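Computed from the coordinates by the stated procedures, all read-outs in this text should not be read as laboratory data. This one's a predicted model, so the numbers in the text were calculated from it and none came from an experiment. Neighbour counts are summed over all protein chains in view; Cβ atoms, including those assigned to glycine, are modelled from backbone coordinates with ideal geometry.
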Amino acid sequence: MSSGSVSKKQLILEIKNKSKIPCDLKRHLSPKTVGTIMRSLPLEGHAHLMGKNIAYFETSIDTGIERARQEFKKGDVAFLSSSGSICFFISDSTPGKTMTPIGKLRENIDALKDLKPGDDFLLYEETG
């Protein structure tokens, strides 16, 4: 599938000045939420950790919950509508919060384990 596909968008999650993690947003998981995020790119924010299992950053995106789930696997990408946060799962997790599944990290997931306070995330469409 090409990056021009309607059903899957290839993005880069960059930990600024550290590493780049390729990821896919998958429209079939949550069409409304993924569409809203795609129209809002590029997105940027301070990196945070929720325990040891989830890295996230807050956005100004405001959508309701869509196709809610509470269990996620390593590499999953989800949207937490209560705070407008995009969440990246470092390991399998049941966070106790209902989230909207939106995609998958393709590789280099363990780079998220090295997050430090003050790190920034940048999420943008892959080009080239």
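Annotation note: Cβ proximity below 8 Å between a residue of the stretch 49-76 that is farther than 22 Å from ARG106 by Cα and touching a residue at least 60 places away in the same chain (Cβ under 8 Å) and a residue that is surrounded by 14 or more Cβ atoms within 10 Å (Cβ to Cβ) and of a type in the set (Asp, Glu) (sequence gap 6+ or interchain) occurs for no pair.
When the residues of the stretch 46-104 are narrowed to those that are outside any loop (DSSP other than H, G, I, E, B) and among the charged types (D, E, K, R), which ends up farthest from LEU115 (Cα to Cα)?
Ranking the qualifying residues of the stretch 46-104, first place goes to ARG69.
Conditions (1) among the acidic types (Asp, Glu); (2) over 18 Å from LEU13 (Cα atoms); (3) surrounded by 13 or more Cβ atoms within 10 Å (Cβ to Cβ); (4) touching an Asp or Glu at 6+ places or on another chain (Cβ under 7 Å), marked per residue:
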residue	(1), (2), (3), (4)
ASP92	yes, yes, no, no
PRO101	no, no, yes, yes
LYS113	no, no, no, no
THR127	no, no, no, no
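Among the residues of the stretch 115-125, those identified as surrounded by fewer than 20 Cβ atoms within 10 Å (Cβ to Cβ) and either aromatic (Phe, Trp, Tyr) or in a strand (DSSP E or B) (or both) are ASP120, LEU122, TYR124, GLU125.
Scanning for something closer than 14 Å to GLY103 by Cβ and in contact with a Cys (Cβ under 6 Å, 6 or more places away or on another chain), does the stretch 46-57 turn up at least one residue? Yes, the stretch 46-57 has at least one match.
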